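Worksheet: one structure, shown below.
The values are calculated or read from the model by the stated rules, or taken from the named source; none is laboratory data. None of the values given here were measured: they were computed from a predicted structure. With ideal geometry, Cβ positions are generated from the backbone for all residues, glycine too; neighbour counts draw on all protein chains shown. Calculation scope for accessible area: heavy atoms of the full protein, side chains included, ligands and nucleic acids excluded. Shrake-Rupley method; radii C 1.70, N 1.55, O 1.52, S 1.80 Å.
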Amino acid sequence: MSLALQDYPNPECFDELIDEHGMPRRIARALFDHLDGFSETDLQERKAAAEAEILSMGITFTVYCENEGSIDRAWPFDIIPRLIRTEEWRSVERGLKQRTRALNLFIDDIYHAQHIVRDGVFPRDLLADSRNFRPECMGIDPPLGVWAHICGTDLVKDKDGRFYVLEDNLRVPSGVSYMLENRLVMKRVLPELFESYAIAPVDDYPAQLRQCLASLAPVSNPQIVVLTPGIYNAAYFEHAYLAQQMGAELVEGNDLVVGRDDCVYMRTIEGLHKVDVVYRRIDDLFLDPEAFNPASVLGVPGLMRAWKKGKVALANAPGAGVADDKVVYTYVPDIIRYYLNEDPILPNVPSYRCVDPEACRYVLDHLDRLVVKPANESGGYGMLIGPTASPEERAEFAERIRRDPRNYMAQPMLTLSTAPTLVDHRAEPRHLDLRPFVLSGRDTYVTNGGLTRVALKKGSTVVNSSQGGGSKDTWIIDGKGA
Amino acid sequence: MAMLSRVAESLYWMSRYLERAENTARMINANANVMLDLPREIRPSWDSLLTITGSEETFATLYSTPGESQVSRFLITEARNPGSIVSSLRAARENARSIRDILQREGWEHINALYLEAMARIPDSESPKRRFAYLDDIIVGVQTIAGLIAGTMSHDEAYEFVRLGCNLERADMTTRILDVRWVDLSPEGKDVTPFENLLWMSVLKSMTAYHMYRRHCQTAVGRDSVVKFLLEDTLFPRSCHFCLRDMLDALDRLPQGSCVREKLVEAIDRVQDEESRRRTELHRFIDDLQIKLGEIHDALSGCYFDVEKSSPRQNRPHCGNG
């Protein structure tokens, strides 16, 4: 066996493809039968082909570095796909739809009557301290009442093999283009496998996204633009890619102007041209120097004014981030019950809110066993991973928690699931997570799978691409056919 | 849908930088070639390439002697020279990257690959033995991209801006080469007559014009006929006249543009004005022509790139005539 599965360590956690006896799971048999036929050279060739493919497509991830401007780094890709059974996925899909529906109702309520606060389900103080709550958005009615149109929800599997929601990304979630490109690379590198499996396609995403965005405009063939901070942004590749795939215009702040009529226009070679929907990939605070950060050069002066007057649709709506705060996260199960009167289909990771004195005491006493997260950071920044941190780091973090308990929540250290990942010429277990994308417009749509991120360092659970993570193609496959 | 001003500008600069990289590569190869044929005392020196590219000052801040290895490194791979081939390819790539949604995928892939390859093979460029092949591959690379763009991209507005950029850069380079070589080839007190043909042949070769010249001009290779061919010829795609005409044609397919047209027509009249060329010193004549090319660029910017600009554009580092 070229892949040397006999050397594959018996999983200490849930492994996506290998069972507790070290044998491929039923769903993965065809995959390993196929890979077993590969010599070491074959394997290296396919891997090299994937790398060449990625480099030539210019799939690069910019890591910002102050001294050298920007660095292009090929996005590491593993050729062994991650497999998920269709039946399992359908239930995840239902759970995601339920969750984003509830979150949108929550955001809309927060910016209107705040019933959930009045009914004592959600504490008022949390709102007052929330960094992503935008008082500017009070009383605004975005089209269809939807605020978070594009949502990237991070899922992990624990020891028990169940999916848990790790966090919701409701501001400007990225990664979907890598999901699309990964599939393209796999089709070019291992086309034979597509014969043995019935794999749910992912490439209708851009069309779905377009439809979702178009449903926000009152006109039938709206002008849609993707607003990017520009080529030095880490996700620029994705902005360009999505614009191109949707047939939308890719614009930077400077390309747009808000007219005296409060409408938004693009500057074109024929003069000004009206814009109906802005898929913005710029954070709230940089969106409009008139309304928020006056020093922002990325945004468009007057954009908020245009949005408030209903002259343009913004996706995601400003202020939607109020619900992707990591402390608000701990309330999502309650939020689902409150608005939908349903039990959550997808569970949260059990969490301790430091704002609750009792929970806070527990967290401070058990820092060596917990993962502590600040409310408003993303990308794995500002976290404490208790079990691997030094006593000094823990002490310092404890101080931070005491100073600002509202800003922290803690979770038990999960044992993230693994999947076989090619390291040199052997398959080794590496931890992974999954980011599906949920679109909410007139209809709701969930991607078939999503972006699987892999922590390429042995034992590491940090999958963020900014911190040395890679990715895999994710296959939703019909279990019966395999 | 009308095209974004910024996109038009990026297409234009992408095209200019690609053309600049190709022209510089041709020029260096032609120079190296003619060197081998001429006696030492009348060889056009390497520093004349600095004059052609207008980069003597930048060079002087980085190197002490303008020898072959220094000049060629400066012009080919020097990152601190914004006009070097590698810098031009990088700028072309950065511009292309900011309009990836406009270029078709292969176009971007080739531009990206060309830059990466030029970077990876830098050691080749420093070996006199392998330099020719290195530069030749860059020329072929740019030609491939040009072919791909012309052959697979819709000839829409985006394409016209590519054409405008390419032709303006080409016309600019042609005038620069003529200008400097004219001075080179009329050195005071030295008799270059026995080699003049050879030198003018190298001028033609640096623009890949030699064969076409032979086919279309039934005269010996002499300075007047070469100058005339490179300025006025209506059929050779690197002659000034041809480039300007092609720009006029591109402009016809774009909205607005009357102010650009005016400048173009002036330049075309100037190029064809053989009378005044004979009366004026060539250097002055070309100087004047270059001013006109600069005005064409300014008119393009004013007409298409700076529409209703509320504030000056912030650090777009890849625009500007390097």
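Take the range B:281-297 and flag every residue that is open to solvent by 40 Å² or more (accessible area, probe 1.4 Å) and out of contact with any helix residue (DSSP H, G or I) (no Cβ under 8 Å at 6 or more places or on another chain).
Correct list: B:281, B:284, B:291.
Among the residues of the range A:276-295, what is the count of those that are open to solvent by 70 Å² or more (accessible area, probe 1.4 Å) and small (Gly, Ala, Ser)?
Residues in the range A:276-295 being open to solvent by 70 Å² or more (accessible area, probe 1.4 Å) and small (Gly, Ala, Ser): 1 in total.
Taking the residues in the range B:52-96 that are within 14 Å of chain A (Cβ to nearest Cβ) and among the small types (Gly, Ala, Ser) as candidates, determine which candidate is farthest from residue B:40 (Cα to Cα).
B:96
Can you confirm whether the range B:9-24 contains a residue that is surrounded by fewer than 23 Cβ atoms within 10 Å (Cβ to Cβ), away from every other protein chain (no Cβ under 14 Å) and within 13 Å of the chain's Cα centre (by Cα)?
No - not one qualifying residue is present in the range B:9-24.
For the range B:78-103, which residues satisfy the criterion of being modelled with pLDDT of 95 or more and among the hydroxyl-bearing types (Ser, Thr, Tyr)?
Within the range B:78-103, B:84, B:87, B:88 qualify.
Is one or more of the residues making up the range A:315-323 in contact with a strand residue (DSSP E or B) (Cβ under 7 Å, 6 or more places away or on another chain) and within 30 Å of residue B:257 (Cα to Cα)?
So far as the range A:315-323 goes, no, none of its residues is in contact with a strand residue (DSSP E or B) (Cβ under 7 Å, 6 or more places away or on another chain) and within 30 Å of residue B:257 (Cα to Cα).
Among the polar types (S, T, N, Q) and within 14 Å of chain A (Cβ to nearest Cβ) - does that describe any residue in the range B:97-109?
Looking for residues that are among the polar types (S, T, N, Q) and within 14 Å of chain A (Cβ to nearest Cβ), one finds at least one in the range B:97-109, hence yes.
What tally of residues in the range B:223-251 results from selecting those that are out of contact with any Ser or Thr (no Cβ under 8 Å at 6 or more places or on another chain) and open to solvent by less than 20 Å² (accessible area, probe 1.4 Å)?
7
Restricting attention to the range A:436-467, which residues are in contact with a helix residue (DSSP H, G or I) (Cβ under 8 Å, 6 or more places away or on another chain) and among the aliphatic types (A, V, I, L, M)?
Selection gives A:438, A:439, A:446, A:451.
Of the residues that make up the range A:256-275, is at least one surrounded by fewer than 17 Cβ atoms within 10 Å (Cβ to Cβ), more than 9 Å from chain B (Cβ to nearest Cβ) and in contact with a helix residue (DSSP H, G or I) (Cβ under 6 Å, 6 or more places away or on another chain)?
Looking through the range A:256-275, at least one residue is surrounded by fewer than 17 Cβ atoms within 10 Å (Cβ to Cβ), more than 9 Å from chain B (Cβ to nearest Cβ) and in contact with a helix residue (DSSP H, G or I) (Cβ under 6 Å, 6 or more places away or on another chain).
Mind counting the residues in the range A:281-330 that are without any contact (Cβ under 8 Å) to a residue 40 or more places away in the chain and aliphatic (A, V, I, L, M)?
Going through the range A:281-330 one residue at a time, the tally reaches 3.
Residue check, residue B:274 against (1) without any contact (Cβ under 8 Å) to a residue 40 or more places away in the chain; (2) out of contact with any helix residue (DSSP H, G or I) (no Cβ under 6 Å at 6 or more places or on another chain); (3) under 23 Å from residue B:232 (Cβ atoms), all met but one. Which one?
(1)
In the list B:245, B:278, which residue meets the criterion of being part of a helix (DSSP H, G or I), away from chain A (no Cβ under 14 Å) and farther than 21 Å from residue B:19 by Cβ?
On inspection, the qualifying residue turns out to be B:278.
Please pick out the residue among A:185, A:121, A:165 that is under 25 Å from residue A:462 (Cα atoms) and touching an Asp or Glu at 6+ places or on another chain (Cβ under 6 Å).
After applying the criteria, what remains is A:185.
Take the conditions part of a loop (DSSP other than H, G, I, E, B) and either closer than 19 Å to residue B:136 by Cβ or open to solvent by 10 Å² or more (accessible area, probe 1.4 Å) (or both) and apply them to residue B:65. Does it pass?
yes
Restricting the search to the range A:131-178, which residues are under 27 Å from residue A:222 (Cα atoms) and either free of Cβ contacts under 8 Å to residues at least 40 places away in the same chain or surrounded by fewer than 18 Cβ atoms within 10 Å (Cβ to Cβ) (or both)?
Answer for the range A:131-178, where residues must be under 27 Å from residue A:222 (Cα atoms) and either free of Cβ contacts under 8 Å to residues at least 40 places away in the same chain or surrounded by fewer than 18 Cβ atoms within 10 Å (Cβ to Cβ) (or both): A:136, A:138, A:139, A:141, A:144, A:145.
Got at least one residue in the range A:296-308 being surrounded by fewer than 18 Cβ atoms within 10 Å (Cβ to Cβ) and assigned by TED's automatic domain parsing to the domain that holds residue A:232?
yes
Quick one: residue B:158 ticks every box in (1) touching a residue at least 40 places away in the same chain (Cβ under 8 Å); (2) closer than 20 Å to residue B:254 by Cβ; (3) among the hydrophobic types (A, V, I, L, M, F, W, C); (4) more than 14 Å from chain A (Cβ to nearest Cβ) except a single one, so which number is it?
(4)
If you check B:56, B:41, which single one turns out to be open to solvent by 20 Å² or more (accessible area, probe 1.4 Å), acidic (Asp, Glu) and out of contact with any helix residue (DSSP H, G or I) (no Cβ under 6 Å at 6 or more places or on another chain)?
After ruling out the rest, the residue left standing is B:41.
Would you check if there is a residue in the range B:102-123 being β-branched (Val, Ile, Thr) and either in contact with a helix residue (DSSP H, G or I) (Cβ under 7 Å, 6 or more places away or on another chain) or open to solvent by less than 30 Å² (accessible area, probe 1.4 Å) (or both)?
yes
Of the numbered conditions (1) open to solvent by 20 Å² or more (accessible area, probe 1.4 Å); (2) within 14 Å of chain A (Cβ to nearest Cβ); (3) assigned to a helix (DSSP H, G or I), residue B:170 satisfies every one except a single condition; which is it?
Failed condition: (2).
Within the range A:256-269, does at least one residue satisfy the condition of being part of a loop (DSSP other than H, G, I, E, B), under 25 Å from the mean Cα position of the chain (by Cα) and more than 20 Å from residue A:108 (Cα to Cα)?
No, because not a single residue in the range A:256-269 is part of a loop (DSSP other than H, G, I, E, B), under 25 Å from the mean Cα position of the chain (by Cα) and more than 20 Å from residue A:108 (Cα to Cα).
Among the residues of the range B:97-112, write down those that are in contact (Cβ under 8 Å) with a residue 24 or more places away in the chain and farther than 17 Å from residue B:151 by Cβ.
B:98, B:99, listed by residue number.
Kindly indicate the residue of the range A:179-235 that is crowded, with 21+ Cβ neighbours inside 10 Å, within 20 Å of the chain's Cα centre (by Cα) and assigned to a loop (DSSP other than H, G, I, E, B) and also nearest to the other protein chains (Cβ to nearest Cβ) among those meeting that condition.
Step by step, filter the range A:179-235, then rank; the result is A:229.
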